[in-house]
Amino acid sequence: MPGLFLSHNAELRCPDMHCDLHMHSTASDGTDAPSALAAIARSINVSAIALTDHDTTEGLPACAAACAELGIDFVPGIELSCDPHAKGLRPPRDTIQSDRKLGTLHILGFFVDPGNARLLDIHHRILRARLERNPQIIRNLQGLGVEIEYDEVLALAAGSGTKIVGRPHIAQVLVKKGYARSAQDAFAKYIGEGRPAYCRRDTLTPSEAIEAIHDAGGLASLAHPIQLRYADDAELEFIMERLRDAGLDAVEVRHCDHTPPLVEQYTQLAQRLGLLVSGGSDYHGSRKSVAMGSSRVPRDVFETLRERHTRFSGR
Ligand SMILES: [Zn+2]
Ligand SMILES: [Zn+2]
């Protein structure tokens with residue numbers, strides 16, 4: 001079969017060298033159908049893939065079937081969004097500025113059961129939270145006498161081209177209508193944590209995510225650590241230790257956002273903490289410029305995780 005997929009790139013000619021354990025389909029925010037991913041992997045000689053859609057396992061059966069047909073090893077996965085400032089996760093700091101970039105904490109699950117009740121429950125909980133939170137903030141603002149409609153926020157968000165509507169858009173409307181001098185001012189006066197129009201977001205804690213992934217029979221890996229926006233290496237290590245203590249199995253070392261020095265740093269950190277490594281492109285189809293397979297993750301990474309999973313499920 002490899003002869004059918006000749007490439008001018010010598011590295012790509014070897015069918016068994018690489019895997020890609022992080023990608024998205026139309027089941028979340030990717031542009032390729034789950035069933036289309038296997039053929040792309042095959043065409044670039046990536047021999048194992050994990051589909052890791054945001055907060056859903058919906059695409060897994062179709063992707064698994066396509067992979068089986070083309071002889072690609074398939075890892076049923078998920079990527080769960082967690083609270084990047086969960087209690088106790090970061091070292092205590094004196095001040096938290098309202099304009100501090102919050103960071104992102106995503107946990108990948110590998111080898112999960114797509115029909116696991118706890119994962120499905122999380123999926124519904126997150127959908128509900130997304131749908132309910134913004135309108136609630138608007139109602140809170142209206143209750144304070146602010147003349148604002150949710151449609152104004154939606155229109156502004158649509159104009160900015162983003163798919164996810166959030167507080168920054170609400171802040172912009174408040175500025176535009178003269179209720180605040182700046183976005184920071186809008187957060188400080190109305191919509192920041194603890195302010196009168198604030199509405200708590202129902203987010204998963206990292207521990208809940210790790211437990212749910214384990215409950216679904218999977219292994220948990222911290223996705224793209226760089227996106228945590230840690231203040232320094234000490235904070236990164238602090239966070240990683242908390243996650244390891246919560247049961248984390250691995251760290252995503254290779255990722256499109258990681259420079260070679262970061263890959264090296266995260267690899268060493270994983271080793272020091274006794275964690276496995278994972279890696280992937282975070283391919284989203286044509287929505288982003290990152291190509292499948294571009295993180296050049298050695299197939300060994302997949303083999304090691306599979307081996308650990310086999311032992312884990314035998315427990
Ligand atoms: Zn992510
Ligand atoms: Zn992702």
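The values are calculated or read from the model by the stated rules, or taken from the named source; none is laboratory data. Values in this document were obtained by computation on a predicted structure and should not be read as measured data. Cβ coordinates were reconstructed from backbone atoms using ideal geometry, including for glycine residues, and neighbour counts include every protein chain displayed.
Return the total of residues in region 1-26 being within 16 Å of ligand 2 (Cβ to nearest atom) and either in contact with a Phe, Trp or Tyr (Cβ under 6 Å, 6 or more places away or on another chain) or at pLDDT below 90 (or both). Steps first, please.
Applying the first criterion (within 16 Å of ligand 2 (Cβ to nearest atom)) to region 1-26 yields 19-26.
Add one more test, that the residue is either in contact with a Phe, Trp or Tyr (Cβ under 6 Å, 6 or more places away or on another chain) or at pLDDT below 90 (or both), and what stays is 19, 23.
Looking only at that region, the number is 2.
Tallying residues that are over 17 Å from residue 84 (Cβ atoms) and either within 20 Å of the chain's Cα centre (by Cα) or small (Gly, Ala, Ser) (or both) within region 170-217 yields 16. Can you say whether residue 213 is within 16 Å of ligand 2 (Cβ to nearest atom), in contact with a His (Cβ under 7 Å, 6 or more places away or on another chain) and modelled with pLDDT of 95 or more, as far as the supplied structure shows? No, not satisfied.
Only one of the listed residues (137, 96, 107) is among the aliphatic types (A, V, I, L, M), over 17 Å from the mean Cα position of the chain (by Cα) and modelled with pLDDT of 85 or more. That residue is 137.
Among the residues of region 199-236, those identified as of a type in the set (Gly, Ala, Ser) and closer than 17 Å to residue 252 by Cβ are 209, 218, 220, 221, 223. Selection of region 214-262 for residues being outside any loop (DSSP other than H, G, I, E, B), within 16 Å of ligand 1 (Cβ to nearest atom) and hydrophobic (A, V, I, L, M, F, W, C) yields 220, 222, 226, 228, 239, 243, 250, 251, 253, 262. Scanning region 190-213 for residues being surrounded by fewer than 18 Cβ atoms within 10 Å (Cβ to Cβ) and in a helix (DSSP H, G or I) gives a total of 1.
Within the span defined as region 147-157, one or more residues are hydrophobic (A, V, I, L, M, F, W, C), crowded, with 16+ Cβ neighbours inside 10 Å, closer than 30 Å to residue 252 by Cβ and away from ligand 1 (no atom under 16 Å from the Cβ). Name the one entry in 295, 286 that is within 16 Å of ligand 1 (Cβ to nearest atom) and either out of contact with any Leu (no Cβ under 6 Å at 6 or more places or on another chain) or not assigned by TED's automatic domain parsing to the domain that holds residue 49 (or both). The unique qualifying residue is 295. Only strands (runs of 3 or more DSSP E) whose full extent lies in region 45-160 are considered here, and the ones with at least 1 residues that are more than 16 Å from ligand 2 (Cβ to nearest atom) are 46-51, 73-82.
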